[in-house]
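The values are calculated or read from the model by the stated rules, or taken from the named source; none is laboratory data. Note that the coordinates shown come from a computational prediction; the quantities given were computed from them, not determined experimentally. Neighbour counts run over all protein chains shown; Cβ positions are idealised from the backbone, glycine included. When the accessible area is computed, the model is the full protein with side chains, heavy atoms only, and any ligands, DNA or RNA have been set aside. Shrake-Rupley method; radii C 1.70, N 1.55, O 1.52, S 1.80 Å.
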Amino acid sequence: MKESPVVMLLDDDPGVLRSLSLALSLAGYQIEAYATAEDLLRGLDPSRPGCLVLDLRMPGMDGLEVQQALSDRGCSLPVIFMSAFGDIPTTVRALKAGAIDFLEKPFSTESLIARIEEAIETDRRQRAQKVLRQTIIERAGHLTGREMEVMQLVTAGLSNKDIARQLEISPRTVEKYRARVMEKMHADSIADLCQMVAASSGLGN
């Protein structure tokens with residue numbers, strides 16, 4: 001079974017934390033609530049799907065510092081900020097650092113849920129892309145050095161004759177390498193192969 005997404009809440013106000021936890025639980029979300037940044041950083045498991053809803057202004061580490069600490073750990077969970085003291089420069093900083101959105105308190109449960117749904121979908125896409133990239137890299141690991149060369153040249157748009165000339169082999173040999181590349185990469189077409197190379201940030205480059 002796929003692991004259910006978790007909404008991780010961080011707010012130093014116990015009343016806000018309780019009310020948000022209750023509202024989101026009633027809406028069907030799995031919740032983890034934290035009163036301090038330190039507790040969240042200790043309890044967070046980045047491998048679990050979901051998102052983070054962070055208060056901006058707190059004693060000790062503020063929300064932006066938590067966001068930076070998560071980034072330093074390689075955690076890519078989407079972040080939604082909330083604050084009663086939002087200002088444009090802070091909002092811009094948060095969004096530039098990768099936050100999904102910035103909600104000013106008080107906000108409706110509906111508006112928060114809409115942002116959470118967006119964040120969870122973003123996380124789902126990121127995780128799917130990561131799995132796809134790893135699968136492509138593993139397939140490419142079975143290519144020989146010459147097959148990798150042929151794949152790079154094919155996806156760069158070169159014809160069999162151009163590849164043959166560049167590698168100093170016959171066009172028929174290029175066709176054989178190309179067929180093996182398509183088979184090993186599980187590619188249905190050259191367009192499919194180009195998408196794989198693009199999705200893996202350029203294999204072998």
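Let me know the charge dipole size of the chain about its Cα centre in debye, to the nearest 20, where only the beta-carbon of Lys, Arg (+1) and Asp, Glu (-1) is charged. Mind dumping the intermediate values first?
Numbers: 24 positive and 29 negative charges, 235 e Å.
Computed about the Cα centre, the dipole is about 1120 debye.
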- In nm, to one decimal, how far is the modelled label at K96 from the one at I190, with both set 7 Å along Cα→Cβ? 4.3 nm
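Quick one: compute the contact order of segment 6-128, relative version, from alpha carbon pairs under 8 angstrom and 6+ residues apart, as a percent. Could you put the intermediate results ahead of the total?
Numbers: 180 pairs, mean separation 29.5, N = 123.
Result for segment 6-128 is 24 percent.
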- Query: Which of the lysines could a cross-linker bridge to K105, judged by Cα under 17 Å and excluding same-chain residues fewer than eight apart?
  - Reply: none
- Rounded to the nearest Å, the spacing of the alpha-carbon centers of segment 57-97 and segment 144-162 is 45 Å
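To the nearest 20 debye, what is the magnitude of the charge dipole of segment 6-128 about its Cα centre, counting +1 on the Cβ of each Lys and Arg and -1 on the Cβ of each Asp and Glu? Walk me through the intermediate numbers first.
Numbers: 12 positive and 19 negative charges, 66 e Å.
About 320 debye.
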- Query: Along each of its three principal axes, how wide is the spread of alpha-carbon positions in segment 17-69, in whole angstrom units, largest first?
  - Reply: 30, 25, 15
- Message: Can you find, among G43, L17, N160, the residue sitting farthest towards the positive end of the charge dipole of the chain, where Lys and Arg contribute +1 and Asp and Glu -1 at Cβ?
- Response: N160
- Query: Under a point spin-label approximation (7 Å from Cα along Cα-to-Cβ), what is the T135-R165 distance to one decimal in nm?
  - Reply: 3.8 nm
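Ignoring any ligand, DNA or RNA, what whole percent of the accessible area of segment 6-128 comes from carbon and sulfur when the probe is 1.4 angstrom? Don't skip to the end; give the middle numbers.
Numbers: 3270 of 6080 Å².
Heavy-atom surface of segment 6-128 belonging to carbon and sulfur, 1.4 Å probe: 54 percent.
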- Task: Return the long-range amide H neighbours of R48 (sequence gap of 5 or more, or a different chain), with a cut-off of under 5 Å between placed amide H atoms.
- Result: none
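Give the carbon-plus-sulfur fraction of the accessible surface of segment 141-199 in %, rounded to a whole number; probe 1.4 Å, heavy atoms of protein chains only. Write down the numbers at each step before the final one.
Working: 1710 of 3500 Å².
That fraction is 49 percent.
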- Neighbourhood net charge (10 Å Cβ-Cβ; Lys/Arg +1, Asp/Glu -1) for A84: -1
- Query: If you rank R178, R165, R125 by how much accessible surface each has, with a 1.4 Å probe, what is the order from largest down?
  - Reply: R165, R125, R178
- Message: Along the charge dipole of the chain, pointing to its positive end and built from +1/-1 on Cβ of Lys, Arg, Asp and Glu, which listed residue (M8, S200, F102) has its Cα farthest out?
- Response: S200
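Please tell me the relative contact order of the chain in percent, rounded to the nearest whole number, where contacts are Cα pairs under 8 Å and at least six residues apart.
Values: 254 pairs, mean separation 30.9, N = 205.
Relative contact order comes out at 15 percent.
Considering the convex hull of the alpha carbon atoms of the chain, report its projected area averaged over all viewing directions, in nm², one decimal.
On the way: hull surface 58.5 nm².
For the Cα atoms of the chain, the hull's average projected area reads 14.6 nm².
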- Note on the structure: accessible surface per residue for the chain, probe 1.4 Å, DNA/RNA/ligands not counted, whole Å² -> 56 Å²
- Note on the structure: For segment 141-199, the dipole about the Cα centre with charges only on Cβ (Lys and Arg +1, Asp and Glu -1), to the nearest 20 debye, works out at 180 debye
- Query: With springs only between Cα atoms under 10 Å, which of Q67, Q129, Q195 fluctuates most in a Gaussian network model of the chain?
  - Reply: Q195
- Message: How much length would be gained if the chain were fully extended between Q126 and T173, taking 0.36 nm per residue of separation minus their Cα-Cα distance, in nm to one decimal?
- Response: 13.1 nm
- Note on the structure: In nm, the gap between the two label points placed 7 Å beyond Cα toward Cβ at A199 and S71 is 2.8 nm
- Item | Gain upon complete extension [E118, L26; 0.36 nm per residue less C-alpha separation] | 31.3 nm
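Report the net charge of residues surrounding A114, where surrounding means a beta-carbon distance below 12 angstrom and charges are Lys +1, Arg +1, Asp -1, Glu -1. The partial results should precede the final answer.
Working: positive: R115; negative: D101, E110, E117, E118, E121.
With Lys, Arg at +1 and Asp, Glu at -1, the net is -4.
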- Residues with amide H under 5 Å from that of A187, placed H, sequence gap 5 or more: none
- For n ≥ 4 DSSP H runs only, could you compute -39500 (n - 2.57) per run for the chain, divide by its residues and tell me the 222 nm figure to the nearest 500? -17500 deg cm²/dmol
